[in-house]
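Below is one structure, written out as structure tokens, with a few remarks after it.
A short reminder: the numbers here are calculations on the coordinates, not readings from a lab. Just so you know, these numbers come straight off a predicted model, no measurement behind them. For neighbour counting, all protein chains shown are included, and Cβ atoms are generated from backbone atoms with ideal geometry for every residue, glycine included.
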Amino acid sequence: MERNNLYPIFLKTKNLNVLIIGGGFVAEEKLTFLLKSSPDAHVTMVSPMFREGTVELSKKGCVTLIADVYRNSYLEGKHMVIATTDIPEINIQVWKDCRAQAKLVNVADNPPYCDFYMGGIVTKGNVKIAISTNGKSPTTAKRLRQFFENVIPENIDDLVKNLNEYRKTIKGNFEEKVEKLNEFTKSLVEK
Ligand SMILES: C[C@@]1(CC(=O)O)c2cc3[nH]c(cc4nc(cc5[nH]c(cc(n2)[C@H]1CCC(=O)O)[C@@](C)(CC(=O)O)[C@@H]5CCC(=O)O)C(CC(=O)O)=C4CCC(=O)O)c(CCC(=O)O)c3CC(=O)O
Ligand SMILES: NC(=O)C1=CN([C@@H]2O[C@H](COP(=O)(O)OP(=O)(O)OC[C@H]3O[C@@H](n4cnc5c(N)ncnc54)[C@H](O)[C@@H]3O)[C@@H](O)[C@H]2O)C=CC1
């Protein structure tokens, strides 16, 4: 069976500068899901044209819109770049420029030109689950996201908060703490 070897990490996008190149449908989709998961993300968008929905979204978040065509200089200070223009040559140029500067890049319409994929994301309070199909079926990632949004109870965050409080009260060395926390939560995974 094929296997997904991608390594998920949970980025503090508040501390990072994300650049989205393009202002069309795909740019808006990527921005929407980025802000849904990380409303405090720092985002810059560069495109000669932006959709109205993008302009509205940008007002709610920390999003700077620049009306211009892509130039290499816009990469300066950016940690992650998402290329979504409808001109394949521009997207490939962005990929090359990012590679040359060791920046993480995602060419949305072109999986081989992605260092990372955006995922389906479920957020319930402090709990977050990210889903990837290895780039094979974004629709499946979306459906799984919807499934988990429905089945994971809203009060999962209470469990996390209570355990965080309990964790602070446990005395003893590291091993003893781990044992107590494991004992306390055993019933969660027992059939
Ligand atoms: C590889 C990847 C790269 C990247 O973009 O990061 C990628 C690539 C492509 N997407 C395409 C199409 C669609 N994308 C969606 C939706 C989402 N796409 C997302 C991620 C990813 N999309 C990455 C892989 C993720 C993984 O590993 O599973 C999600 C999860 C996250 C997000 O966008 O933030 C978000 C759902 C969010 C949610 O709902 O929670 C839908 C569904 C819909 O809109 O209903 C469709 C239409 C139906 C279809 O085609 O499946 C096409 C074809 C373009 C064409 O045909 O022209 C390509 C290019 C290709 O595959 O070659
Ligand atoms: N990964 C994904 O989820 C999907 C990817 N795609 C692909 O993504 C690409 C873009 O699709 P759409 O957003 O629907 O196109 P679109 O036509 O709505 O948007 C393209 C945007 O790129 C901008 N642009 C053009 N030249 C530019 C330049 N030199 N510098 C900066 N911005 C520039 C345009 O002004 C426009 O805002 C297509 O190639 C499509 O095949 C399409 C659907 C899903």
Notebook entry, point to check: Roughly how many debye, to the nearest 20, is the charge dipole of region 1-79 about its Cα centre, given +1 on each Lys and Arg Cβ, -1 on each Asp and Glu Cβ, and no other charges?
Noted result: 220
Next item on the list: Quote the FRET efficiency, to the nearest 0.05, computed for Phe25 versus Leu159 with a Förster distance R0 of 30 Å and r equal to the Cβ-Cβ distance.
Entry: 0.20
Note to self: Cross-link candidates for Lys30: which lysines have Cα within less than 25 Å, leaving aside residues fewer than 8 places away along the same chain?
What the structure shows: Lys12, Lys14, Lys59, Lys60, Lys78, Lys96, Lys103, Lys124, Lys128, Lys136, Lys142
Notebook entry, point to check: If you plug each phi of region 120-125 into the Karplus form 6.51 cos²θ - 1.76 cosθ + 1.60 with θ = phi - 60°, what whole-Hz ³J(HN,Hα) values come out, in order, with x for Gly and Pro?
Noted result: x, 10, 10, 10, 10, x
Item checked: Distance (nanometres) between label positions extended 7 Å along Cα→Cβ at Lys128 and Leu104 -> 1.0
Notebook entry, point to check: Could you give the semi-axes, largest first, of the ellipsoid that matches region 17-118, computed as the square roots of 5 times the alpha carbon gyration tensor eigenvalues and rounded to whole Å?
Noted result: 19, 14, 13
Notebook entry, point to check: Points 7 angstrom from Cα along the Cβ direction at Asn4 and Val69: gap in nanometres?
Noted result: 3.8
Item checked: Gained length - Lys171 relative to Leu188, 0.36 nm times residue gap less alpha-carbon distance -> 3.8 nm
Note to self: Within 10 Å, at most 16 other Cβ atoms, and a DSSP state outside H, G, I, E, B define an exposed site. Report the longest part of the chain free of exposed GluC sites (Glu not before Pro).
What the structure shows: 77-153
Next item on the list: Obtain the radius of gyration and the Kirkwood radius of the chain from its C-alpha atoms and give Rg over Rh.
Entry: 1.06
Note to self: Need the C-alpha centroid separation for region 24-77 versus region 114-153, integer Å.
What the structure shows: 21
Check: If eta is 1.567 mPa s and T is 4 °C, what Stokes-Einstein diffusion coefficient results for region 1-64, Kirkwood Rh from Cα pairs, in µm²/s?
Finding: 103
Check: aspartates and glutamates near Lys36 by alpha-carbon distance under 19 Å, same-chain residues fewer than 8 away left out - which ones?
Finding: Glu28, Glu52, Glu56, Glu149, Glu154, Asp157
Next item on the list: Report the residue, chosen from Ile121, Ile129, Ile87, that carries the largest GNM mean-square fluctuation when the chain is represented by alpha-carbon nodes joined by springs under 10 Å.
Entry: Ile87
Check: Amide H of Ile82: which non-local residues (sequence gap of 5 or more, or other chain) have their own amide H closer than 5 Å, using H built in the peptide plane?
Finding: Leu19, Ile20, Ile21, Asn106
Notebook entry, point to check: What is the list of residues in region 1-34 whose amide nitrogen lies under 16 Å from a point 7 angstrom out from the Cα of Lys142, following Cα to Cβ?
Noted result: 25-34
Check: What Kirkwood hydrodynamic radius do you get for region 77-126 when you take the inverse of the mean 1/r over all pairs of distinct Cα atoms, in Å?
Finding: 11.7
Notebook entry, point to check: Using helices alone, what [θ] at 222 nm do you get for the chain, with -39,500 (n - 2.57) per DSSP H run of 4 or more residues, divided over all residues and rounded to the nearest 500?
Noted result: -12500 deg cm²/dmol
